[in-house]
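Take a look at the structure set out below.
The values are calculated or read from the model by the stated rules, or taken from the named source; none is laboratory data. All figures in this text were calculated on a predicted structure; none of them were measured in a lab. Positions of Cβ are generated from backbone atoms using ideal geometry, with glycine treated the same way; all protein chains shown enter the neighbour counts.
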Amino acid sequence: MNKPFLQMALLALLALPLAAGAADASRQADVARRGGDVMPFSLAATTHVFTRTADGGVQRVVAKHADDRQQVRLVRQHLSELRTQFLHGDFSGPAHIHGDEMPGLAELKAAGPGQIAVDYREVAAGAELRYRTSDPKLVMALHQWFEAQLSDHGADAMAGHHQHGGMGKP
């Protein structure tokens, strides 16, 4: 191969992460904008924490400032409502924010009544939902769904670590 071709190929490879980063940033901005249609709290004032577990996962949303009572109240209200919606197979909120093609979403929507348990709990500065299922395909769908949210929410989300003995510390 000739040297100019190798240089061009190398430059193209180096540009891939930059292009992917720009695409990610654009998608994250779109998700944040659509999130305002569904989530009553501020993404900038809260953090989503997604923790995968052997039987599903835990989605925690907390205010960045524990004394921000309005954000804490809005987070708790929203997650409580989400629990009810999800137990009825209504995943329209995540579909609106992330799109119908969101990884794991189709499988979660198709789950039958009682196949996924969703428990709500208030924690310091927010609330969490714990998803549990004995179906390995639904566990995988929940994990894919969590990963997609981590990617789409960018700096407003983080991966959690599995905590033993229940739903984690408040």
Exercise for the section: Tell me, yes or no, whether the range 87-100 has at least one residue that is surrounded by fewer than 18 Cβ atoms within 10 Å (Cβ to Cβ), in contact with a strand residue (DSSP E or B) (Cβ under 7 Å, 6 or more places away or on another chain) and modelled with pLDDT of 95 or more. Expected result: no
Fill in the blank from the handout: Among the residues of the range 104-160, the number that are more than 14 Å from Thr51 (Cα to Cα), in a loop (DSSP other than H, G, I, E, B) and touching a residue at least 12 places away in the same chain (Cβ under 8 Å) is 10
Practice task
Evaluate the following for Thr46: is it β-branched (Val, Ile, Thr) and surrounded by fewer than 20 Cβ atoms within 10 Å (Cβ to Cβ)?
Solution key: no
Practice task
Test Arg73 against the criterion of being modelled with pLDDT of 55 or more and within 28 Å of Leu142 (Cα to Cα), and give yes or no.
Solution key: yes
Practice task
Would you check which residues across the range 87-103 are of a type outside the set (Val, Ile, Thr) and outside any loop (DSSP other than H, G, I, E, B) and list them?
Solution key: Leu87, Ser92, Gly93, Pro94, Ala95, His96, His98
